[in-house]
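Asker: Quick one: this structure, given as structure tokens, is what I'll be asking you about.
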Amino acid sequence: IASLDGAARTIAAHASIAPLGWHVIVEQPLAEAFAPLFDAIVRTAALLLAGLVLAVAASLWLARRMTTPIRLLGRGAQRIGQGQLDEPVEVHTGDELEDLADQFNRMAQRLRESHAGLEQKVAQRTHQLAEAHRAKVRFLAAASHDLRQPVHALGLFVAQLQETRDEATRAGLVEKVAASSMAVADLIEALLDISKLDAGAVA
């Protein structure tokens, strides 16, 4: 029961004592009566506020713990895409993100080995092509030199044939012309084979 006693508000309660015929009335100020409830409300609000602050701090810490290695993985993937394979991705979280970083590093290692192998093969192929080109140049120079001799000899033999009337001498000259013609034909065939090599028609 709320009552007014001057300026102070109180709560009153009563109980009857039958054997004595008494009525006991107890009064207590409202502030004193509700003080434990207010204290409980304040403690509950403080606990809720502390829990909220802790939850926000924990979420920020977890987000930072997750986003930092993810950013490192993203930068590592960008470096690999740009061909920068020497710098490893350093992630030490002890979870799946660290396993993913290890896979990135293994992939970069394999790419480095593959690039090194390709560069070695390209260097070998370039050396082989240069050697083949030099060999072809030497062959063509020798062939042109060798081709002049039978052609020149053919000219001489034909001139002798025109001037010779002796049948035995003419027969010998005809054999020499045939031999020179065969030599020219062989050299021309070799030159044609070189042109087929350049065209890729034969290995």
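Asker: Given charges of +1 on the Cβ of Lys and Arg and -1 on the Cβ of Asp and Glu, with all other atoms neutral, how large is the dipole of the chain about its Cα centre, in debye to the nearest 20?
Answerer: For the chain, the charge dipole is close to 420 debye.
Asker: Follow-up. Measuring from label point to label point, each 7 Å out along Cα→Cβ, what is the Ala58 to Ile17 span in nm?
Answerer: 5.5
Asker: What is the set of long-range amide H partners of Thr93 at a cut-off below 5 Å, with H atoms built 1.01 Å from backbone N?
Answerer: Result for Thr93 returns Glu98.
Asker: What do you get for the angle between helix 167-199 and the principal long axis of the chain? Use alpha-carbon atoms, 0 to 90 degrees, nearest ten.
Answerer: Tilt of helix 167-199: around 10 degrees.
Asker: Same structure, new question: Enter the angle in degrees (range 0 to 90, nearest 10) between the Cα long axis of helix 96-163 and the first principal axis of the Cα atoms of the chain, meaning the one along which they spread out most.
Answerer: Roughly 10 degrees, rounded to the nearest 10.
Asker: How large is log10 of I(q)/I(0) for the chain at q = 0.08, 0.13, 0.18 Å⁻¹ when the intensity is taken from the Debye formula with one equal scatterer per alpha-carbon?
Answerer: So the normalised log intensities work out to -0.73, -0.98, -1.20.
Asker: Using Cα springs under 10 Å in a Gaussian network model of the chain, which residue among Gln109, Gln162, Gln124 shows the largest mean-square fluctuation?
Answerer: Highest fluctuation among the options: Gln162.
Asker: Right, something else. Among Ala168, Leu48, Ala190, flag the residue with its Cα farthest along the positive direction of the charge dipole of the chain, charges on Cβ as +1 for Lys/Arg and -1 for Asp/Glu.
Answerer: Ala168
Asker: Here's another thing I want to ask about it. What is the extension gain from His133 to Asp166, computed as 0.36 nm multiplied by their sequence separation minus the C-alpha to C-alpha distance, in nm to one decimal?
Answerer: Length difference between fully extended and current span is 6.9 nm.
Asker: Follow-up question, since we're still on this one. Using alpha-carbon pairs under 8 Å, 6+ residues apart, how would you state the relative contact order of the chain in percent?
Answerer: It rounds to 9 percent for the chain.
Asker: Projected onto the charge dipole of the chain (+1 at Lys/Arg Cβ, -1 at Asp/Glu Cβ, origin at the Cα centre), which of Gly81, Ile11, Ala135 gives the Cα projection farthest towards the positive end?
Answerer: Ala135
Asker: Restricting attention to the stretch 30-104, which GluC sites (Glu not before Pro) occupy a DSSP loop and are surrounded by at most 13 other Cβ atoms within 10 Å?
Answerer: Glu90
Asker: Going through the stretch 113-142, which trypsin sites (Lys or Arg not before Pro) have at most 12 other Cβ atoms within 10 Å and a DSSP loop state?
Answerer: none
Asker: Measure off, as a whole percent, the carbon and sulfur share of the 1.4 Å-probe accessible area of the stretch 95-170, all protein chains present.
Answerer: Carbon with sulfur: 57 percent of the solvent-accessible area.
Asker: Would you mind checking which residues have amide H under 5 Å from Ile11's amide H? H placed 1.01 Å from N; only 5 or more apart, or other chain.
Answerer: Counting only residues 5 or more places away or on other chains, the set is Gln28, Leu30.
Asker: With a probe of 1.4 Å, find how much accessible area the chain has per residue, and write the answer as a whole number in Å².
Answerer: With all protein chains present, the chain gives 76 Å² per residue.
Asker: Here's another thing I want to ask about it. Compare Asp186, Asp102 by solvent-accessible area with a 1.4 Å probe and give them largest first, with all protein chains kept in place.
Answerer: In descending accessible area the options line up as Asp186, Asp102.
Asker: Also: Ala142 to Ile25: extension gain in nm, 0.36 nm per residue of separation minus the Cα-Cα distance?
Answerer: My answer for the length gained is 28.3 nm.
The values are calculated or read from the model by the stated rules, or taken from the named source; none is laboratory data. All figures in this text were calculated on a predicted structure; none of them were measured in a lab. Quick reminder, even Gly has a Cβ in these numbers, built from the backbone with ideal geometry, and neighbours come from all protein chains shown. Just so you know, the surface numbers come from the protein's heavy atoms only, side chains and all, with ligands and any DNA or RNA stripped out. Shrake-Rupley method; radii C 1.70, N 1.55, O 1.52, S 1.80 Å.
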